[in-house]
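One structure is given below, encoded as structure tokens.
The values are calculated or read from the model by the stated rules, or taken from the named source; none is laboratory data. Model, not experiment: these values are computed from the prediction. Glycine also receives a Cβ, built like all others from the backbone with ideal geometry; neighbour counts cover every protein chain displayed. Note: areas computed on protein heavy atoms with side chains; ligands, DNA, RNA excluded. Shrake-Rupley method; radii C 1.70, N 1.55, O 1.52, S 1.80 Å.
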Amino acid sequence: MTLRRYMGRLSGPLLDRIDIRVQVQRVTTGAIRRAAGSTPTTAEARSLVTAARARMHARLEGTGWTTNSEVAGSWLRGAGRAEPGSTKDLDRALDLGTLTMRGWDRVMRLAWTLADLGGIDLPGEPQVRAAIGLRSAL
């Protein structure tokens, strides 16, 4: 209830600029014990991020951009920038007015990052849906 009231105070344009919204549960000792060994080490996470950034750099070489967050919306919306049909949920949300064009672009930037982390050449429906989920988790 308190979270909803607080979120209601934030303006739409401000919320539109927050790419990842996740609700984090309070950590308990039982949860820590259950997660032991199932989470990546710092070195593993660093390796994953380094590989993703190398993919970004290679893809964006010569464009003037170095990361997905810098890419222009017009590039994101260009032909061949995602798997065919993968943006249908985004397009529907845009048509219904539940997502702005800026929000569409930001979801696609996040989808590209998820694809890079997964070693995938183009974001597909799983990456787009995951990006939508990360953006609307609250």
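Details
- The sum of -39500 (n - 2.57) across all DSSP H runs of n ≥ 4, divided by the residue count of the chain, sets its helix-only mean residue ellipticity at 222 nm to -16500 deg cm²/dmol.
- Percent of Cα pairs exceeding the 22 Å cut-off, where the set is segment 62-138: 14 percent
- Most mobile of ALA93, ALA43, ALA111 in a GNM of the chain (Cα contacts under 10 Å): ALA43
- Under 11 Å, Cβ to Cβ, from GLY133 - net charge with Lys/Arg +1 and Asp/Glu -1: +2
- Rounded accessible area per residue of segment 28-122, 1.4 Å, Å²: 61 Å²
- Only one item in (1) 48, 39, 26; (2) 45, 31, 23; (3) 85, 27, 27 matches Cα extents along the principal axes in Å derived from the coordinates shown, and that item is (1).
- For the chain, carbon and sulfur atoms together expose 57% of the accessible surface, with a 1.4 angstrom probe and every protein chain in place.
- Compared with the direct C-alpha span, the chain from GLN23 to HIS57 gains 9.2 nm at full extension, assuming 0.36 nm per residue.
- Each of the peptides 72-80, 33-41 was scored by the mean count of other Cβ atoms within 10 Å over its residues; in descending order, highest first, they stand as 72-80, 33-41.
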